[in-house]
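Contents: one structure, followed by commentary.
The values are calculated or read from the model by the stated rules, or taken from the named source; none is laboratory data. These numbers come from a predicted model, not from an experiment. Every residue, glycine among them, receives a Cβ derived from its backbone with ideal geometry; neighbour counts consider all protein chains shown.
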Amino acid sequence: MKVTLSALDTCETSFTPLVVIELAQNVKEETKEWLKSRIIAKKKDGGSQLLIRPLLNKYEKETLVNQNLYLIGASNVRLLLGAEALGLVKECNDSTMRAFTYGTRQSFRGFDDNNDDFLTMAECQFIVKHELENLRARDEKMIPGYPQAKLYPGKSLLRRLLTSGIVIQVFPLHDNEALKKLEDTWYTRFTVKYQPIDSIRSYFGETIALYFGFLEYFTCALIPMAIIGLPYYLFAWEDYDKYVIFASFNLVWSTVILEVWKRGCACMTYRWGTLLMKRKFEEPRPGFHGVLGTNPVTGREEPLYSSYKRQMRIYLVSLPFVCLCLYFSLYVMMIYFDMEAWVLALHEDSESEWTSLLLYVPSIIYAIVIEIMNHLYRYAAEFLTAWENHRLESAYQNHLVLKVLVFNFLNCFASLFYIAFVLRDMKLLRQSLATLLITSQIINQIVESLLPHWLQKKHGAQVKRKLQALQAGIDATLYEQVVLEKEMATYLGTFDDYLELFLQFGYVSLFSCVYPLAAVFAVLNNFTEVNSDALKMCRVFKRPFSEPSASIGVWQLAFETMSVISVVTNCALIGMSPQVNAVFPDSKVDLILIVIAIEHALLALKFILAFAIPDKPRHIQMKLARLEFESLEALKQQVRESVSLAKERTPNSKESRRAFPSAVRRPV
């Protein structure tokens with residue numbers, strides 16, 4: 001996709017638009033000129049050194065179609081230098097993976113000075129995004145033309161423009177040809193097959209590719225649980241002695257699948273190069289603010305904010321708020337049990353078909369309330385985490401995930417724990433678990449399957465109406481694409497998708513003793529989840545910016561924590577079963593001790609399996625060790641060359657005495 005430029009605009013003949021910036025209506029001209037000058041200015045002058053062009057008429061007058069839509073691109077050399085600055089890892093001609101450097105570019109596989117395809121479009125857009133986000137104020141006190149939009153040295157310009165409403169949005173453009181090829185191999189033909197993970201990575205980046213890879217892997221891992229759970233449900237409904245075997249299998253299963261995933265994830269990310277990316281000195285996130293100072297580690301100028309103030313915000317505001325929300329969640333749960341008791345009493349009095357159906361109503365209402373509360377709490381958690389002012393994006397994500405997971409875990413599973421270990425009503429536990437699981441999946445399928453189709457048709461109709469109103473002579477293909485994409489919803493990341501899988505994993509692993517069909521419903525849901533998520537990524541949401549990732553991050557720890565909790569839960573349920581209690585009719589203390597011993601043994605088995613299964617396959621370990629060895633050897637060689645050069649520049653003893661007599665030290 002090339003856009004022809006006016007000779008008055010640039011000395012180049014064409015450039016590839018990568019990112020779109022949409023300004024608000026009636027933005028002042030001086031603001032536009034200032035923003036354009038900062039974008040095209042050289043790095044040493046505080047600019048991004050990128051290319052910016054308005055959306056143009058393709059005829060001679062180059063009349064602006066929309067003065068508020070600007071296309072951002074970059075020269076090939078600028079992108080390569082950006083790849084080096086970000087530490088992108090590429091495959092070399094000797095099949096090793098190394099961080100790209102512009103000086104050694106000819107040693108990388110597929111590189112050609114006349115070829116612009118060395119970097120994928122997703123990588124180019126990531127580089128442009130990084131440069132735009134790191135445009136920071138220098139001597140400006142305000143945004144030109146807007147005195148109320150104050151600036152201070154180090155403030156992110158893009159962040160201030162967005163919060164001030166001057167910039168509406170910034171988003172990457174789709175590549176229509178590449179997108180069509182991806183759709184043909186991904187979801188347009190509904191068949192049971194593996195997803196094109198490498199193609200997804202090339203188009204959307206590693207973070208989204210890892211999500212779809214994990215979704216596919218988790219669905220395949222659920223199939224054995226579903227196959228075993230179905231006959232257990234049909235033929236051993238009340239036989240807790242046989243459920244012990246199923247629960248034991250579940251405990252080993254939950255450990256093995258997570259360890260095997262880490263190995264597969266390491267293989268993928270090594271092949272993609274993100275496993276080797278160095279992220280020790282991350283740039284401050286765009287939302288981070290503070291007084292401009294010098295980073296004591298890197299020596300670069302950046303905003304600084306007191307960690308003491310951040311801790312005060314966390315422990316004096318965020319933590320009490322989270323505790324208050326948890327209390328409110330428990331209060332709603334008790335209302336749910338009051339409704340259950342009322343409906344049960346009504347059913348016992350009349351025992352009609354109507355009251356039999358009414359027994360499921362409280363669980364359905366509670367499941368809907370849980371979904372509403374989860375979404376409301378999510379907004380509050382995002383606001384609080386942003387207000388805490390974390391410097392790094394990784395720290396921001398970790399605190400956000402922790403807040404949301406604690407609330408969602410209590411909100412979704414507290415009632416099940418209460419039924420299981422306080423009320424000890426296994427029939428109600430099965431009913432509540434089935435209702436919560438199925439209701440949540442129905443709601444998610446409506447949101448992720450039916451809603452995307454409706455939004456897709458709605459956006460298509462809007463674009464057609466707008467195109468009919470345009471005057472002749474406009475580059476309709478490009479204009480249609482930009483107008484369509486700017487009105488699409490913004491993809492907010494993989495957070496909600498991972499959260500859905502996390503809760504699903506909890507439903508399957510925590511109470512498998514009493515409801516073996518949970519894995520069956522999870523598999524059926526995930527088969528449609530793959531296609532609905534693929535549709536919304538390609539046709540409903542704007543193309544998200546690529547983000548390099550080496551793993552699924554904090555979600556790996558979240559799933560592992562859930563698997564540990566499942567050990568305790570399943571052992572406790574087995575110990576409460578009537579059949580097991582019949583073995584110890586007189587001494588409950590012995591039963592408790594035996595259950596605790598078994599639980600500790602199973603936890604020990606989990607940790608042994610986790611230790612015995614390496615996180616990285618041996619061939620990956622060998623390649624990483626080789627790269628580390630070569631890096632050390634290169635460092636030694638560099639030191640030797642520096643010492644040799646220093647000796648050459650230092651005069652020898654005789655010559656130095658003649659040339660520099662004052663430099664000869666006198667004996668003491």
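Points to keep in mind about this one:
- Cβ pairs under 7 Å, 6+ apart, first in region 251-271 and among the small types (Gly, Ala, Ser), second crowded, with 19+ Cβ neighbours inside 10 Å: Ser254/Ser509; Ser254/Ser563; Ser254/Ser566; Ala266/Leu275
- Being surrounded by fewer than 16 Cβ atoms within 10 Å (Cβ to Cβ), aromatic (Phe, Trp, Tyr) and in contact (Cβ under 8 Å) with a residue 12 or more places away in the chain is true of Tyr360.
- Checked against the criterion of being closer than 30 Å to Ser307 by Cα, assigned to a helix (DSSP H, G or I) and of a type outside the set (Asp, Glu), the candidates Phe417, Phe421, Phe383 yield just one match: Phe383.
- Residues of region 400-427 satisfying the condition of being within 30 Å of the chain's Cα centre (by Cα) and of a type in the set (D, E, K, R): Lys403
- Subset of region 509-559 (residues that are closer than 18 Å to Phe218 by Cβ and among the small types (Gly, Ala, Ser)): Ser509, Ser512, Ala518, Ala519, Ala522, Ser532, Ala534, Ser549, Ser551, Gly553, Ala558
- Of all residues in region 470-491, those that are within 17 Å of Asn68 (Cα to Cα) have Cβ atoms under 6 Å from Cβ atoms of residues that are in a loop (DSSP other than H, G, I, E, B) and at pLDDT below 85, 6 or more apart or on another chain, in Asp475/Lys58.
- Residue that is farthest from the chain's Cα centre (by Cα) [pool: residues in region 152-174 that are free of Cβ contacts under 8 Å to residues at least 24 places away in the same chain and surrounded by fewer than 19 Cβ atoms within 10 Å (Cβ to Cβ)]: Ser164
- For region 66-87, the set of residues classified as surrounded by fewer than 16 Cβ atoms within 10 Å (Cβ to Cβ), in contact with a strand residue (DSSP E or B) (Cβ under 8 Å, 6 or more places away or on another chain) and closer than 14 Å to Leu50 by Cα consists of Ser75 only.
- Being in the same structural domain as Val20 (by TED's automatic domain parsing) and farther than 29 Å from Asp497 by Cα is a property that does not hold for Leu158.
- Where a residue in region 579-605 is touching a residue at least 40 places away in the same chain (Cβ under 8 Å) and in the same structural domain as Ser563 (by TED's automatic domain parsing) and its partner, wherever it lies, is exposed (fewer than 13 other Cβ atoms within 10 Å of the Cβ) and not in a helix (DSSP H, G or I), with Cβ under 9 Å and at least six apart: Gln579/Asp239
- The criterion of being assigned by TED's automatic domain parsing to the domain that holds Leu433, β-branched (Val, Ile, Thr), out of contact with any Asp or Glu (no Cβ under 8 Å at 6 or more places or on another chain) and outside any loop (DSSP other than H, G, I, E, B) does not hold for Val530.
- With respect to the stated conditions, Leu423 is at pLDDT 85 or above and surrounded by fewer than 17 Cβ atoms within 10 Å (Cβ to Cβ).
- Meets criteria (buried (at least 20 other Cβ atoms within 10 Å of the Cβ) and under 23 Å from the mean Cα position of the chain (by Cα)) for Leu510: no
- Cβ pairs under 7 Å, 6+ apart, first in region 370-382 and without any contact (Cβ under 8 Å) to a residue 24 or more places away in the chain and more than 14 Å from Ser415 (Cβ to Cβ), second crowded, with 17+ Cβ neighbours inside 10 Å and of a type outside the set (S, T, N, Q): Glu382/Leu400
- For Tyr479, the criteria (1) surrounded by 15 or more Cβ atoms within 10 Å (Cβ to Cβ); (2) modelled with pLDDT of 85 or more; (3) touching a strand residue (DSSP E or B) at 6+ places or on another chain (Cβ under 8 Å) hold in every case but one, which is (2).
- Top-ranked residue in region 372-400 [being crowded, with 18+ Cβ neighbours inside 10 Å and among the charged types (D, E, K, R); ranked as farthest from His289 (Cα to Cα)]: Arg378
- In summary, Tyr187 fulfils each of the numbered conditions (1) aromatic (Phe, Trp, Tyr); (2) in the same structural domain as Leu210 (by TED's automatic domain parsing); (3) out of contact with any helix residue (DSSP H, G or I) (no Cβ under 6 Å at 6 or more places or on another chain) with the single exception of condition (3).
- Matching option when the condition is in a helix (DSSP H, G or I), surrounded by fewer than 16 Cβ atoms within 10 Å (Cβ to Cβ), modelled with pLDDT under 90 and on the phi < 0 side of the Ramachandran plot, among Lys61, Lys44: Lys44
- Qualifying residue in region 285-305 (condition: at pLDDT 75 or above, part of a loop (DSSP other than H, G, I, E, B), hydroxyl-bearing (Ser, Thr, Tyr) and assigned by TED's automatic domain parsing to the domain that holds Glu371): yes
- Pairing each residue of region 1-29 that is in the same structural domain as Ser75 (by TED's automatic domain parsing) with any residue that is assigned to a strand (DSSP E or B) and at pLDDT below 50, provided the two are 6+ apart or on different chains, yields C-beta distances under 9 Å for Thr13/Thr4; Ser14/Val3; Ser14/Thr4; Phe15/Val3; Thr16/Val3; Pro17/Val3; Glu22/Asn66.
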